[in-house]
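Undergrad: I have a structure I would like to understand better, so I am pasting it below and will then ask my questions one at a time.
The values are calculated or read from the model by the stated rules, or taken from the named source; none is laboratory data. Only a predicted model underlies this, so the values are computations on that prediction, with no experimental measurement involved. Methodologically, a virtual Cβ is constructed for each residue, glycine included, from the backbone with ideal geometry; neighbour enumeration extends over all protein chains shown.
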Amino acid sequence: MTDPTVVREVDVHAADQRRAAGATLIDVREQVEWDAGHIPDAVFIPLGQLGQEIGAAVPDKATEIILQCRSGARSGRGTALLQQLGYTNVVNMAGGILAWEANALPIEAPATLTPAQQARYSRHLLIPEVGTKGQAKLLDSKVLIVGAGGLGSPSALYLAAAGVGTLGIVDFDVVEASNLQRQVIHSTERLGHKKVDSARQTIEALNPDVKVVPYDEMLLADNVERLIAGYDVILDGTDTFETRYLLNDAAVAAGIPVVHASVFRFEGQLTTFMPYVGPCYRCLYPTPPPPELAPGCSVAGVLGVVPGIMGLLQANEVLKVLLGIGEPLVGRLLLFDALDGAFSEVRLQRDPACPTCSDAARAARERGDWVAPAAFGLDQPFVLGGVAGFGGPGR
Ligand SMILES: [Zn+2]
């Protein structure tokens with residue numbers, strides 16, 4: 001057994017190897033030192049709190065522990081303390097994080113912004129809920145926008161302005177004159193151009209921090225998994241039911257939240273699908289309507305500002321989800337009526353029999369024998385499912 005009066009030491013390379021092999025590395029410095037940069041996966045417990053907190057952090061006293069501070073002095077005292085408390089396999093990392101850095105071992109850098117970014121995002125940095133850390137998170141985030149049309153145009157502009165670092169854009173269309181009444185990311189001079197190229201040009205001119213990944217293709221069953229892979233949030237700006245179901249099923253399977261909106265003349269609706277937390281699109285609409293009852297904008301028309309308003313509400317939801325702030329519209333369908341100038345809200349519930357997100361569907365997917373429901377079940381009525389209750393305007 002270890003003599004509690006003798007503090008054993010290891011050098012930084014040995015500490016790195018033991019850490020990689022599963023030893024617990026504890027950083028006993030103060031908060032400001034930790035915030036300025038620390039060893040990846042280190043556990044942070046300042047020396048003054050080590051005695052009280054070690055029991056909860058490392059219950060098993062035989063666990064291999066490496067203690068580390070700035071230069072090795074404080075962690076030496078911490079090592080002695082843990083030995084007195086009965087921990088039998090504790091070593092001090094000689095030289096501390098100074099020696100670690102001098103040997104070019106990895107450091108988890110703090111969130112930092114360039115002076116240009118500090119200027120560009122200064123109004124974000126003033127908000128405590130965003131700040132430098134939140135802005136750095138946005139710059140590191142990846143959002144997939146499906147459809148560079150009425151919803152995708154305003155949302156892409158504002159997400160780009162907000163500094164979302166990667167925007168994937170899926171659209172196979174070209175810019176037409178009838179688009180320009182609402183699809184504000186495009187312009188008259190780009191008539192006939194690919195929408196993904198037009199959107200990329202506008203975004204790159206607005207914010208060079210943003211990397212645009214264009215997907216000049218139609219979202220289909222055989223490419224949806226590839227298109228959505230690696231994205232943090234999906235913004236659904238599609239206008240066909242078939243695409244919405246494909247996107248929904250793939251996003252639930254991949255565990256990616258989808259911020260959904262749709263518009264019709266003077267009306268818009270919006271909700272956030274958080275896989276397994278709230279309902280999914282199929283919980284709401286178990287079956288699509290027959291095509292003759294689901295006219296798109298090209299048939300029914302839409303007031304141009306309505307997709308603008310709904311697209312920006314989608315962008316708002318995306319930012320909330322990325323930053324982990326506020327109350328996302330999970331299980332809530334927000335309805336907007338442009339003529340009344342009124343919002344109302346419908347509460348939604350998960351459908352325990354949902355073919356996509358029910359426990360049974362999830363289990364089948366994990367077994368690998370889940371079968372996608374037919375996209376168009378024309379024998380079934382098109383009804384809004386999962387409604388738990390209606391909320392009045394202003395709720
Ligand atoms: Zn569902």
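Undergrad: Among the listed residues VAL210, VAL196, VAL224, which satisfies the condition of being modelled with pLDDT of 95 or more, of a type outside the set (Lys, Arg) and closer than 27 Å to PRO352 by Cα?
TA: VAL224
Undergrad: Still on this model: If a residue has to be exposed (fewer than 15 other Cβ atoms within 10 Å of the Cβ), in contact with a helix residue (DSSP H, G or I) (Cβ under 9 Å, 6 or more places away or on another chain) and more than 17 Å from PRO40 (Cα to Cα) to count, how many in region 85-103 make the cut?
TA: The qualifying residues number 1.
Undergrad: Turning to a different aspect of this structure: Return the pair list, or none, for Cβ contacts closer than 8 Å from residues in region 143-160 that are on the phi > 0 side of the Ramachandran plot to residues that are outside any helix (DSSP H, G or I) and of a type in the set (A, V, I, L, M), at least 6 apart or on different chains.
TA: Listed by first residue and then by second, the contacts come to GLY147/VAL170.
Undergrad: On to the next question. Please go through region 233-286 and pick out each residue that is away from the ligand (no atom under 16 Å from the Cβ), of a type in the set (D, E, K, R) and touching a residue at least 60 places away in the same chain (Cβ under 8 Å).
TA: ASP239, GLU242, GLU267
Undergrad: Here is a follow-up. Take ASN223 and decide whether it is within 16 Å of the ligand (Cβ to nearest atom), more than 20 Å from VAL175 (Cα to Cα) and under 24 Å from the mean Cα position of the chain (by Cα).
TA: Answer is no for this residue.
Undergrad: Would you check if there is a residue in region 358-379 being closer than 19 Å to GLY255 by Cβ, touching a helix residue (DSSP H, G or I) at 6+ places or on another chain (Cβ under 6 Å), modelled with pLDDT of 90 or more and acidic (Asp, Glu)?
TA: no
Undergrad: Follow-up question, since we're still on this one. So in region 301-358, with the set limited to residues that are of a type in the set (Val, Ile, Thr) and not in a helix (DSSP H, G or I), which one is surrounded by the most Cβ atoms within 10 Å (Cβ to Cβ)?
TA: It comes out as THR356.
Undergrad: Further, regarding this structure: Note down all Cβ pairs under 6 Å where the first residue falls in region 345-364 and is over 20 Å from LEU334 (Cβ atoms), the second is assigned to a loop (DSSP other than H, G, I, E, B) and near the ligand (Cβ under 7 Å from one of its atoms), and they're at least six residues apart or on different chains.
TA: PRO352/SER358; THR356/CYS280; CYS357/CYS280
Undergrad: Now a separate question. With THR243, THR271, THR287 as the choices, which residue is part of a strand (DSSP E or B) and either modelled with pLDDT under 90 or crowded, with 17+ Cβ neighbours inside 10 Å (or both)?
TA: Exactly one of THR243, THR271, THR287 is part of a strand (DSSP E or B) and either modelled with pLDDT under 90 or crowded, with 17+ Cβ neighbours inside 10 Å (or both), namely THR271.
Undergrad: Given (1) more than 27 Å from GLY324 (Cβ to Cβ); (2) crowded, with 18+ Cβ neighbours inside 10 Å, where does THR188 come up short, assuming only one miss?
TA: (2)
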